[in-house]
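In what follows, a single structure is set out as structure tokens and then discussed.
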Amino acid sequence: MSPNSTTAADEFAAEREGVRLTQCYAAAPVCTPTRAALMTGRYQHRIGLEEVIAPSQENIDRGLSSTEPSLPRLMKDAGYATALFGKWHLGMRPEFHPNRNGFDEFFGFLGGAIDYYSHLGEDGKHDLYENGTPVHLDGYMTDLITERSLRFIQHNARRPFFLEVAYNAAHWPF
């Protein structure tokens, strides 16, 4: 048997310990609609998030409603600890916040991207939060997200958990 082949017993053992995803599909070529589809399991057009939410006054009322069923809420209801560390980009207002959409813990930024060190968003405003509270920390954003993720995994190692890690590094600055 080749090192890359698996048996049914191998697959069953992997499923007991978690989920293995072997194929991917992105609902859109940009982040907001793709995140909306992942969080809700619905086409982004059905929830009004079919394009990027740019930081502007005209977009202040756009975001993922906490009344929508969501993946983290379903996981939480099934007994999983849930966390998002990194990018949210599904609305800036409190009613769109990750904690209102099923995440027990949130550390990251609400907008599309932040500077790696100053933690200022594309609009020049501070955009780093721990749950609903703005935080001012020193450090490189990728490292801060990784440290939080590792602590969450260690803290929840003996129970089921759902962790989304969404790094800034792939997004901005270009």
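Hey, in the GNM for the chain with a 10 angstrom Cα cutoff, which one of Ser66, Ser56, Ser118 fluctuates hardest? Result: Ser56 has the largest fluctuation of those listed. Once Rg and the Kirkwood radius are both taken over the C-alpha atoms of region 31-140, their ratio Rg/Rh works out to 0.96. Looking at region 60-120, the chymotrypsin sites (Phe, Trp or Tyr not before Pro) that sit in a DSSP loop and have at most 12 other Cβ atoms within 10 Å of their own Cβ are Tyr117. Here the spin labels are modelled as points 7 Å beyond Cα on the Cα-Cβ line, and at Tyr167 and Val135 they lie 1.9 nm apart.
Estimated purely from DSSP H runs of n ≥ 4, each contributing -39500 (n - 2.57), the mean residue ellipticity at 222 nm for the chain is -7000 deg cm²/dmol once divided by its residues. The residues of the chain present an accessible area of 60 Å² per residue when probed at 1.4 Å with all protein chains retained. Once the Cα atoms are used to define both axes, helix 141-155 deviates from the longest principal axis of the chain by about 40 degrees. With R₀ set to 35 Å, the beta-carbon distance separating Tyr117 from Glu58 gives a calculated FRET efficiency near 0.75. In order along region 113-122, the phi-based Karplus estimate (6.51 cos²θ - 1.76 cosθ + 1.60, θ = phi - 60°) of 3J(HN,Hα) comes to 5, 9, 5, 4, 10, 7, 6, 8, x, 4 Hz; Gly and Pro are listed as x. Subtracting the Cα-Cα distance of Lys125 and Arg20 from 0.36 nm times their residue separation leaves 34.0 nm of extension gain.
Residue by residue, region 91-108 carries 3J(HN,Hα) couplings of x, 9, 6, x, 6, 9, 4, x, 5, 7, 10, x, 8, 5, 10, 9, 9, x Hz when phi is fed to the Karplus relation 6.51 cos²θ - 1.76 cosθ + 1.60 (θ = phi - 60°); x denotes Gly or Pro. With respect to the chain, whose longest principal axis is taken over its alpha-carbon atoms, helix 8-17 is tilted by about 40°.
Helix 31-40 and the long axis of the chain differ in direction by around 50°, with both axes built from C-alpha atoms.
The values are calculated or read from the model by the stated rules, or taken from the named source; none is laboratory data. Note that this is a predicted model, so its numbers are computed, not measured. Glycine gets a Cβ as well: all are built from the backbone with ideal geometry, and neighbour counts include every protein chain shown. Just the protein is used for accessible areas: all its heavy atoms, side chains included, with ligands, DNA and RNA removed. Shrake-Rupley method; radii C 1.70, N 1.55, O 1.52, S 1.80 Å.
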